[in-house]
1. In this structure, does A:Ile165 turn out to be of a type in the set (Val, Ile, Thr), assigned to a helix (DSSP H, G or I), free of Cβ contacts under 8 Å to residues at least 60 places away in the same chain and in contact with a Ser or Thr (Cβ under 7 Å, 6 or more places away or on another chain)?
2. Is it true that some residue in segment A:476-499 is within 14 Å of chain B (Cβ to nearest Cβ), at pLDDT below 85, out of contact with any Ser or Thr (no Cβ under 6 Å at 6 or more places or on another chain) and under 20 Å from A:Leu337 (Cβ atoms)?
3. Test B:Leu497 against the stated conditions and say whether it is outside any helix (DSSP H, G or I) and either in the same structural domain as B:Val262 (by TED's automatic domain parsing) or among the small types (Gly, Ala, Ser) (or both).
4. Regarding B:Phe480, is this residue crowded, with 22+ Cβ neighbours inside 10 Å, assigned by TED's automatic domain parsing to the domain that holds B:Met529 and over 28 Å from the mean Cα position of the chain (by Cα)?
5. Select from segment B:87-111 the residues that are aliphatic (A, V, I, L, M) and either assigned to a loop (DSSP other than H, G, I, E, B) or under 26 Å from B:Ser218 (Cβ atoms) (or both) and list them in ascending order.
6. For segment A:245-291, how many residues are aliphatic (A, V, I, L, M), within 9 Å of chain B (Cβ to nearest Cβ) and either in contact (Cβ under 8 Å) with a residue 40 or more places away in the chain or surrounded by fewer than 24 Cβ atoms within 10 Å (Cβ to Cβ) (or both)?
7. Residue check: is B:Gly423 on the phi > 0 side of the Ramachandran plot and buried (at least 22 other Cβ atoms within 10 Å of the Cβ)?
8. What helices (runs of 4 or more DSSP H) completely inside segment A:368-462 contain at least 2 residues that are touching a Gly at 6+ places or on another chain (Cβ under 9 Å) and touching a residue at least 40 places away in the same chain (Cβ under 8 Å)?
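The values are calculated or read from the model by the stated rules, or taken from the named source; none is laboratory data. Remember, it's a predicted structure, so these values are computed and weren't measured experimentally. Backbone-built Cβ (ideal geometry, glycine too); neighbour counts: all protein chains shown.
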2 protein chains.
Amino acid sequence: MANITKKVSWSSRPDESGAIGEGTPLLNGSEQQRHGRQDSVRGRPKEIPHNEKLLSLKFESLDYDNIENQLFLEEERRMSHMSFRCLEISRWVVCGLIGFLTGLIACFIDIVVEQLAGIKYQVVKENIEKFTEVGGLSISLLLWAALNSAIVMLGAIIVAFFEPIAAGSGIPQIKCYLNGVKIPRVVRLKTLVVKVCGVICSVVGGLAVGKEGPMIHSGAVVAAGVSQGRSTSLKRDFKIFEYFRRDTEKRDFVSAGAAAGVSAAFGAPVGGVLFSLEEGASFWNQMLTWRIFFASMISTFTLNFFLSIYHNNPGDLSNPGLINFGRFQTDSEAYYLYEIPLFIAMGAIGGLLGALFNILNYWLTIFRIRYVHRPCLQVMEAMLVAAVTATVSFTMIYFSNDCQPLSPDNTEEYPLQLFCADGEYNAMATAFFNTPERSVRSLFHNQPGSYNPLTLGLFTLTYFFLACWTYGLAVSAGVFIPSLLIGAAWGRLFGILLAAITTTGSIWAVPGKYALIGAAAQLGGIVRMTLSLTVIVVEATGNVTYGLPIMLVLMTAKIVGDYFVEGLYDIHIKLQSVPFLHWEAPATSHWLTAREVMSSPVTCLNRIEKVGTIVDTLSNTSTNHNGFPVVVQVSGIDEPARLCGLILRSQLIVLLKHKVFVELARSRLTHRKLQLKDFRDAYPRFPPIQSIHVSQDERECMMDLTEFMNPTPYTVPQETSLPRVFKLFRALGLRHLVVVDDENNVIGLVTRKDLARYHMGKHGLEELQLAQT
Amino acid sequence: MANITKKVSWSSRPDESGAIGEGTPLLNGSEQQRHGRQDSVRGRPKEIPHNEKLLSLKFESLDYDNIENQLFLEEERRMSHMSFRCLEISRWVVCGLIGFLTGLIACFIDIVVEQLAGIKYQVVKENIEKFTEVGGLSISLLLWAALNSAIVMLGAIIVAFFEPIAAGSGIPQIKCYLNGVKIPRVVRLKTLVVKVCGVICSVVGGLAVGKEGPMIHSGAVVAAGVSQGRSTSLKRDFKIFEYFRRDTEKRDFVSAGAAAGVSAAFGAPVGGVLFSLEEGASFWNQMLTWRIFFASMISTFTLNFFLSIYHNNPGDLSNPGLINFGRFQTDSEAYYLYEIPLFIAMGAIGGLLGALFNILNYWLTIFRIRYVHRPCLQVMEAMLVAAVTATVSFTMIYFSNDCQPLSPDNTEEYPLQLFCADGEYNAMATAFFNTPERSVRSLFHNQPGSYNPLTLGLFTLTYFFLACWTYGLAVSAGVFIPSLLIGAAWGRLFGILLAAITTTGSIWAVPGKYALIGAAAQLGGIVRMTLSLTVIVVEATGNVTYGLPIMLVLMTAKIVGDYFVEGLYDIHIKLQSVPFLHWEAPATSHWLTAREVMSSPVTCLNRIEKVGTIVDTLSNTSTNHNGFPVVVQVSGIDEPARLCGLILRSQLIVLLKHKVFVELARSRLTHRKLQLKDFRDAYPRFPPIQSIHVSQDERECMMDLTEFMNPTPYTVPQETSLPRVFKLFRALGLRHLVVVDDENNVIGLVTRKDLARYHMGKHGLEELQLAQT
């Protein structure tokens, strides 16, 4: 029936006999390293495969399905209605805290960046002004480039040497986390610290980056930390929120954190909620959504409040968000029906340019994976980019002769006069000699005529390539603002040209409107979000009038862009061979059934199992399973056995650690009664099997799994079609799905990789290879 | 283990032996009536039980899980990649059409209401002006009351006599539909026609209602109609979109329709999407969300475009939505931190007033169910309310001495001078003598000082009771606008009082801001939506500055209101005893397992079953099941049998109709090969079993169900806890969930009613009674 040859391409899966489950020796090894000593980060980049047709086995899954074993049910049943109320209240408290801390971090980043960038621009400006008069501007150039490189070097060093996972915007990683993939170290305190310091360095260092993307990652880390009521890095356990120490609850809080991050970055609480939902959640739960909303709200609020104090206007909460695009006065800038085709055309341009951006960045990333994987090389590349950015900017400013009169309502903070007449400033410098946020704002709101078309064209061109080169460097940085800036530049250019070729003019003559549309188109073309992005842009501009055109533009950009290549985040996820589950199974996958996609045979355990067998199973580095069906043998020993539960590696580890053994001979229990607390204390970093010593005598003991296994795992019959399996798996956030026959005997196990392996290629359904990388 | 005595309260379930599944004879009977002749609507209201501790058995479920039988899989496997693309494109086309038609309907309603209301107000105004001079204003009152009553009578007659389901806003019905409950006749063309005419009559008739709520229902009907490519009412089948003729696809389109309705009503495309998601969807699917968004977008766009032509300003698309709250100029109307506690206090007031509204309406509804269930009584009540509304308004205007100067920037279209001096108008009349939409707008935007506190207080009081009395009448009408109006009135009053008691003043002196907050608080207190409502209000005001306070207010209103009573829609859903599934199982329900909640024993069918048995099973009016597990007997005849599939009543009916029999003696097939098309043609109104004639010979034939049954129904083991069963059921939108034992033998079936029965009462977990009503 199936039109795909199965498993022809299993290149490097070590041992198929008895092989089932997920996880690899590599990962286990690195777990060990993590516990034993400082991370060996030098080796990491080598692990990244450079073939996007692979699916890495090194990624574990998160378990978003509650393990409803006897211990859990007993606890739940002991809890009164009031306890559930308290739990609900503490969820709200945690969300409030997440929002508050995320807002504080955003505020910190904003103030530090503003101060440092202010100092830098002031120094360079004075230097340039000095040398404009006396000649020898090349010294200014050197100063500028050296300053930028030095600052960026700092940021790159902490990222490349201390926490490589903090590189980039972190959005792909958070997407993966919310999708259910465990990305090591992604929500740790150290990552947060490196991320925050890194992003400050990148922005102050004048790279073509924004400080907004990393906020999303920061929010997620804050959420993961606060909700657990302890910090492993700081070795503090506050003994609170212990109920939340499992993947299901933690994921919910991380969604809230990501939303709070978006909310703080763009002043877009609703956009934040939608971002979390669009990128992550599969099961829409009303209460959860409200909590996420609450966290977003508090986050914007906190940021606002502290920024209002900083700006000496305490209590004014009307200007939310790290970035503020400024308000459009709608009455003067309405749009008309005949502009809609123009907007759609701009969307298409955005889609094309976005696809070009993504393809270039894809090639660059492959190049980087192959040749620039040593930390010192990465730092040098970052410094090079910083120097080149400064040089290009300087050259552009130097050769530009676009002088504009300096009027009091200009928003430029550092107008450069250069070779312009007195009372005028260099317009090219407004675009380059500024933080990108301010440049975007100038492009949106400066009076018609503030820029000439050549300036804008050149700026678009150079900034496009600079931003493309910058994304993927070993620095913490976001791609939102550069995208907006590129788009705003060509959008404004579009508006100016439009005004030039038409004579009727009045409505066409508002280039700021086209800058906004262009910005949306470019950003949409690169990241390919629609609903959440619409809301984010609408909230960031504080204006819903342009909601409709922005939607149209984002949709067009997505359709056009998707024709060529995926979105930037998806490209990077794919390049890391993450087993990412999309929303639905590929359309033409009804051919496949659970029997064909499942892994089999399965390593099963008996309900009462010998300790030695368990230790051997867990120690088997060639398989390294994480979930084991628990069975009852009804017929012969080689026959398939009846399913009666499912137990995880992590649970077995805890059981072994606490020596929960039954000595058959004397039939007595040698252990105290294990409680859920013991499992929660070990969460999420369970020790590796190698660290647990089991004596030869103990190996002969038995272990009763009844109390600890999940007695009601979800199952599917073997004839179930792939889309149906996929739907169940995705909707409930499963990690293991047992495939049974008519008599409820275990015949296979479906895990994330078995489903993520199938995807829609250019020539129909394709199967990715599984690799140990 | 379980702390609830099970099934002690099954008052009226007819026959437990062999009883399982859902549906009742009553429903089947009414199905029959529907096909045979004009609906007998007179009997309907009697069916509504007046005890909210009941759960009605008359409601069927929708089947949001695809029936993946062999026919379906064969079709899917035949389809190429390209066919799936085409299907996807047609989904977008359908969504576009839904948006377009919904927008057109909104436009139609708006223009007709505006024209008719204009004529009415003009006539009454002239009359009042005439009689103000000559005396005898009681004649004006009579004219006004008579006009209103006549118009409302018309609206009430078509609703009460022709389509009672078109009464009210339709939002509770759409909520139920999206939740998975089949509400008869809710998405039919006739309902739409009655709804549209009804809402025009109610609004023009001067009732305290809005035309926005019904738009949501209208959009849903349009969606259900368009997506099926045929109309049963018009007896036309366009032979298109046949793939969409099943519950899963139809539900998705109905979500889009509801969103398009919200979008048209409030000019809030994002709010519409969120409404659909918050009220309906459980599984968040990105592609679906985008389509919903697209429909919303097109809907606003269409409405805008046609209204711009109507208003002689073609092409200006900047003023979306049926209702336009007018734009707030943010710069002048910022808010400060110290206002936040005030906003929260207003939220609490809104919650309290909302709870009061809901409780009063609850009592009223119970009264109506008991005593006002005959259509002619309903029409008379509606007329009475119309007359009283006119009288009260008139009295209020008459005794008011709040005269305001007539300035050119007033938005009043029908200023009444009455006993005011020349150049002045009666301020009370601006609130009453206007469509509610305009009144809201005046309250938001009129200059400080346009209303005096007494006017506002009296207006709030009277309008509160009028609106409360009006909701639930047999007329099509929404509760959004009246709620906003009440809230805006007391909000503005709050603002005025605040300005009066404080001396510093400048920021406090903007009563429009408080009117907005009050409106949000009141609406939130009544309907208890948060996320979607925030976005709707933000989009309707065209201003995101107040986003944060509006959120806070809505959340406060919800928390305070929920302390007393549920939201208005939920109350009405409960009063109709609908088996509505909430987001999660009650928190303390871990005590219960599938074994305890399931219905058993189950009527099962064999894979190859005698036709006579099937006919008898289907004809058994005492059980009237809709889903039957298909089993293979492995041991004795009375032993539980092994599950091998699930088949629905509707499928069996089609099989019987097409005589898909196997004559065992001659072992040949007497029928042509049945195709999916045959099932789709019969969808959604399958004939009752009584209409199918099966001869005595045919009764002896066998029927092979293998090809038609769903071979992989979802199952749970009997020990599964209720929350786990609930999660599976809710997340996948199931209708039947088979409970099996360790050996995959059928031991029970869980349906919607088995899960909806448990709810959190004041004293912990409560179990609702099942009733035939």
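1. Considered against the rule, which asks whether it is of a type in the set (Val, Ile, Thr), assigned to a helix (DSSP H, G or I), free of Cβ contacts under 8 Å to residues at least 60 places away in the same chain and in contact with a Ser or Thr (Cβ under 7 Å, 6 or more places away or on another chain), A:Ile165 comes out as yes.
2. Step one: of segment A:476-499, the residues within 14 Å of chain B (Cβ to nearest Cβ) are none.
No; the residues of segment A:476-499 include none that is within 14 Å of chain B (Cβ to nearest Cβ), at pLDDT below 85, out of contact with any Ser or Thr (no Cβ under 6 Å at 6 or more places or on another chain) and under 20 Å from A:Leu337 (Cβ atoms).
3. Details: outside any helix (DSSP H, G or I): no; either in the same structural domain as B:Val262 (by TED's automatic domain parsing) or among the small types (Gly, Ala, Ser) (or both): yes.
Against the criterion (outside any helix (DSSP H, G or I) and either in the same structural domain as B:Val262 (by TED's automatic domain parsing) or among the small types (Gly, Ala, Ser) (or both)), B:Leu497 does not qualify.
4. Working: crowded, with 22+ Cβ neighbours inside 10 Å: yes; assigned by TED's automatic domain parsing to the domain that holds B:Met529: yes; over 28 Å from the mean Cα position of the chain (by Cα): no.
Considered against the rule, which asks whether it is crowded, with 22+ Cβ neighbours inside 10 Å, assigned by TED's automatic domain parsing to the domain that holds B:Met529 and over 28 Å from the mean Cα position of the chain (by Cα), B:Phe480 comes out as no.
5. Here is the first cut: in segment B:87-111, the ones aliphatic (A, V, I, L, M) are B:87, B:89, B:93-94, B:97-98, B:101, B:104-106, B:109, B:111.
Answer for segment B:87-111, where residues must be aliphatic (A, V, I, L, M) and either assigned to a loop (DSSP other than H, G, I, E, B) or under 26 Å from B:Ser218 (Cβ atoms) (or both): B:Ile89, B:Val93, B:Val94, B:Leu97, B:Ile98, B:Leu101, B:Leu104, B:Ile105, B:Ala106, B:Ile109, B:Ile111.
6. We begin by selecting, within segment A:245-291, every residue aliphatic (A, V, I, L, M); these are A:254, A:256, A:258-260, A:262, A:264-265, A:268, A:270, A:273-274, A:277, A:281, A:287-288.
Retained after the next criterion (residues that are within 9 Å of chain B (Cβ to nearest Cβ)): A:268, A:270, A:273-274, A:277, A:281, A:287-288.
If we keep only those that are either in contact (Cβ under 8 Å) with a residue 40 or more places away in the chain or surrounded by fewer than 24 Cβ atoms within 10 Å (Cβ to Cβ) (or both) too, we end up with A:268, A:270, A:274, A:277, A:281, A:287-288.
Of the residues in segment A:245-291, 7 are aliphatic (A, V, I, L, M), within 9 Å of chain B (Cβ to nearest Cβ) and either in contact (Cβ under 8 Å) with a residue 40 or more places away in the chain or surrounded by fewer than 24 Cβ atoms within 10 Å (Cβ to Cβ) (or both).
7. Numbers: on the phi > 0 side of the Ramachandran plot: yes; buried (at least 22 other Cβ atoms within 10 Å of the Cβ): no.
No, not satisfied.
8. Numbers: elements: A:375-399, A:427-432, A:436-445.
In segment A:368-462, the matching helices (runs of 4 or more DSSP H) lie at A:375-399, A:436-445.
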